[in-house]
Amino acid sequence: MELFKSLYNGLMLYPFVKKTLRHWVSVRMSPPRLAWARYLPALLLFFILLVLLQVGLPALGVPSYLLPTPSRVWARLTEPGSGLAGHLWATAQAGVGGLVLGSVGGVLLAILFVAIRPLERAFYPWVLVSQTLPSAALAPLLVIWLGNGLAPRLAMAALFAFFPVLVNTTQGLRQITPEQRDLLHAWGASSLQTFRLLRIPAALPALFAGLRIAATLAVVGAIVGELAGSSEGLGYVISIATYHLQTDRVFAAVTLAAGLSLLLSVLLHIAERQIVFWHTEG
């Protein structure tokens, strides 16, 4: 008990606890801010682009099978019986599942890399080599090895999500100063307590930054797996619609994939603000 009291008044918990509590109180006691206002320019640009495409494509005589208007894409999205909702759910399962698997694997390996330096020197070059493998060549192999189901799509999404989480978490776990570490040791903290009270809080901002990147890549990985061989998912829709020159259906599937990536990124951002509430972006 005395150890934790000392740690509370000591080096590491002072910047984290005092600064974080001050930030926590200021955020919750201040009037609600218009958070959406910061994205207003991007939304305005998006709206202008939609209007230009809707008006300009027919005026220029661009065939709809080359580039459909936004209204045609919207009609495909809202078409009854299109089956896009089911395909979106299939991609979401693979993407979210792959994100979870890849993130857990990346965090665990990052912890091992920080704890055992020889292990990092032995494995990290091979991790880099794995990122140079073309996904278009790897995806069919996963279908051969794992079958034509959820497993190869899950594996491909996990491979896409794994690397950014590993790199960011490894860097985050090392973002401590020798003075911080030495002070905890002086208070009698064990290596495990130092890791839990010092390294993990320091690594959380970097971890969430990696998770936001991984969320987008996991959806891309799931779609790549579906393009290689699947009977469901947005990648399957893109493949079949492209063959039949149904460009509006292709754009509808791409729009849903982008929306899924954006939703995952927003959810992670909300979670980061609640969990890493002491960290403010510059």
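FYI, it's all coordinate maths here, none of it is from the lab. Computed from a predicted model, the values in this text were never measured in an experiment. Neighbour counts are summed over all protein chains in view; Cβ atoms, including those assigned to glycine, are modelled from backbone coordinates with ideal geometry.
Report, in deg cm²/dmol and to the nearest 500, the calculated mean residue ellipticity at 222 nm for the chain, where each DSSP H run with n ≥ 4 adds -39500 (n - 2.57) and the sum is divided by the residue count.
-25000 deg cm²/dmol, from helical runs alone.
Among LEU192, ALA258, ILE240, which residue has its Cα furthest toward the positive end of the charge dipole of the chain, with +1 on Lys/Arg Cβ and -1 on Asp/Glu Cβ?
The listed residue farthest towards the positive side: LEU192.
Extension gain ILE240-HIS185, at 0.36 nm per residue separation less the Cα-Cα distance, in nm?
13.7 nm
With volume of the Cα convex hull per residue in Å³ in mind, check (i) 177; (ii) 140; (iii) 130 and report the label derived from this structure.
(i)
Pull out the extension gain between LEU108 and ARG174, defined as 0.36 nm times the separation in residues minus the alpha carbon to alpha carbon distance; nm, one decimal.
Working it through step by step, the gained length comes to 22.3 nm.
Which distance in Å, rounded to a whole number, links the C-alpha centroids of the stretch 124-178 and the stretch 198-270?
So the two Cα centres are separated by 15 Å.
Efficiency by 1/(1 + (r/R0)^6): what FRET value for LEU133 and VAL55, r their Cβ-Cβ distance, R0 = 35 Å, to the nearest 0.05?
Once the sixth-power term is evaluated, E becomes 0.20.
Can you give the extra length, in nm with one decimal, that the chain gains between PHE46 and VAL62 once fully stretched, where that is 0.36 nm per residue apart less the Cα-Cα distance?
Values: separation 16, 0.36 × 16 = 5.76 nm, distance 2.05 nm.
The span from PHE46 to VAL62 would gain 3.7 nm if fully extended.
Would you work out which of ALA42, LEU159, ALA222 lies farthest towards the positive end of the dipole of the chain? Charges go on Cβ: Lys and Arg +1, Asp and Glu -1.
ALA42
I need the calculated FRET efficiency for the pair GLN274 and ALA115, taking r as the beta carbon distance and R₀ as 25 Å, to the nearest 0.05. Write down the numbers at each step before the final one.
Numbers: r = 28 Å, r/R0 = 1.13.
Computed FRET efficiency for GLN274 and ALA115: 0.35.
Averaging sequence separations of C-alpha pairs under 8 Å and six or more residues apart, then dividing by the length of the chain, give the relative contact order as a whole percent.
27
For the stretch 219-282, which GluC sites (Glu not before Pro) are both in a DSSP coil and crowded by at most 11 other Cβ atoms within 10 Å?
For GluC sites (Glu not before Pro) across the stretch 219-282 that sit outside H, G, I, E and B with at most 11 neighbouring Cβ atoms in 10 Å, the list reads GLU281.
Which helices of the chain meet both criteria: a Cα extent of 30 Å or more along the helical axis and a mean Kyte-Doolittle score no lower than -1.0, with helices taken as whole DSSP H segments?
Qualifying helices, which must be both long enough and hydrophobic enough, are 84-115, 150-173, 200-228, 247-275.
Can you tell me which of 127-136, 179-188, 257-266 comes out highest on packing, and rank the rest after it, using the mean Cβ neighbours within 10 Å? Don't skip to the end; give the middle numbers.
Numbers: 127-136: 11.1, 179-188: 15.1, 257-266: 16.7.
Taking the mean over residues of other Cβ atoms within 10 Å, the ranking is 257-266, 179-188, 127-136.
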